[in-house]
Amino acid sequence: MPAEKPIVVMKRYELKYMLSPEQTEFFKERIKGHMEVDRYGLCSIASLYYDTPNYRLIRTSIEKPPFKEKIRLRSYGLATEDSPVYLELKRKAYGIVYKRRVQSTIPLVKKFFDGEGDICAGGQINREITTFRDHYDTLSPACLIIYDRVAYYQPDGDLRLTIDHNPRYRSDRLTLTHSMEGISLLPEGYTILEIKVQQAIPLWLTDILSEGKIYKISFSKVGTAYKHQLQKINQRSFQNV
């Protein structure tokens with residue numbers, strides 16, 4: 001799925017909405033003529049999130065501070081040891097998302113997190129990602145998020161949006177090479193819509209959201225997965241009392 005000329009630096013607003021099965025079909029029908037599905041169609045994406053042993057990054061993110069950051073390794077489809085994967089440093093400050101991204105392979109990324117050198121050959125992005133790694137010091141795989149995404153683009157503008165079907169997670173088998181299986185994060189048939197813009201949402205899209213009673217939410221796939229795991233741990237602890 002990665003583009004032929006992948007974006008390595010990005011700044012934009014990302015707005016999220018949870019859609020029922022009926023709203024998903026309504027929305028897909030109503031954006032016809034405005035948006036087009038990109039050439040990859042439905043694509044399964046896996047993102048392996050790294051964190052400290054005490055889950056410092058995700059716990060901070062859940063508190064919804066004005067600034068938060070995370071780092072993840074992404075694959076499009078099931079990865080192999082030699083296939084391209086993408087290490088992404090994602091930061092959000094006062095509603096604006098900033099992303100730095102480099103292409104690599106799983107063995108090289110493992111060496112990087114083991115402290116063996118840089119992730120790419122110099123440059124500002126390399127310095128930012130390396131500084132992030134060194135600041136948090138003990139980063140390791142903490143959660144795997146998987147979903148089936150359809151991406152749309154506006155032919156004559158910068159508007160992008162995605163619809164994520166069946167978002168799911170794993171807290172074990174934390175590798176991009178094992179499978180695309182996971183525990184569902186949403187009720188069956190529900191999806192997550194993300195609208196990605198550099199400026200304002202166009203009026204026609206605002207009208208569609210209003211007509212479909214589709215309202216913005218605060219939702220983090222990895223944050224929701226972390227809460228699910230905490231609930232399971234608390235339930236087991238209660239049963240063992």
**Message:** Sort THR177, THR24 by Cβ crowding within 10 Å, fewest neighbours at the top.
**Reply:** THR177, THR24
**Request:** Using label points projected 7 Å from each Cα along Cα→Cβ, tell me how many nm separate ASP172 and SER218, to one decimal.
**Result:** 3.3
**Fill in**
The alpha-carbon center of the range 32-61 and that of the range 64-85 are separated, in whole Å, by 7
**Prompt:** If contacts are Cα pairs under 8 angstrom and at least 6 residues apart, what is the relative contact order of the chain in percent?
**Reply:** 28
**Asked** When the chain is fully extended, how far beyond the present Cα-Cα distance does LYS11 get from ARG127, taking 0.36 nm per residue of separation?
**Response** 40.0 nm
**Asked** Taking a point 7 angstrom from the Cα of SER83 along the C-beta vector, which residues in the range 154-179 have backbone N less than 15 Å away?
**Response** 175-179
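Counting each pair of different Cα atoms once, what's the Kirkwood radius of the range 1-135 in Å, rounded to one decimal? It would help to have the intermediate numbers written out before the result.
Values: mean 1/r = 0.0586 Å⁻¹.
After inverting the pairwise mean of 1/r, the radius is 17.1 Å.
Determine the calculated [θ] at 222 nm for the chain from helices alone, applying -39500 (n - 2.57) to every DSSP H run no shorter than 4 residues and normalising by the residue count; nearest 500 deg cm²/dmol. All intermediate terms of the calculation are to be shown ahead of the outcome.
Details: 6 runs with 66 residues, N = 241.
Rounded to the nearest 500, it is -8500 deg cm²/dmol.
FYI, it's all coordinate maths here, none of it is from the lab. Nothing here was measured: the structure is a model prediction, and the numbers come from that model. Note that each Cβ is placed from the backbone with ideal geometry, even for glycine, and that neighbours are counted across all protein chains shown.
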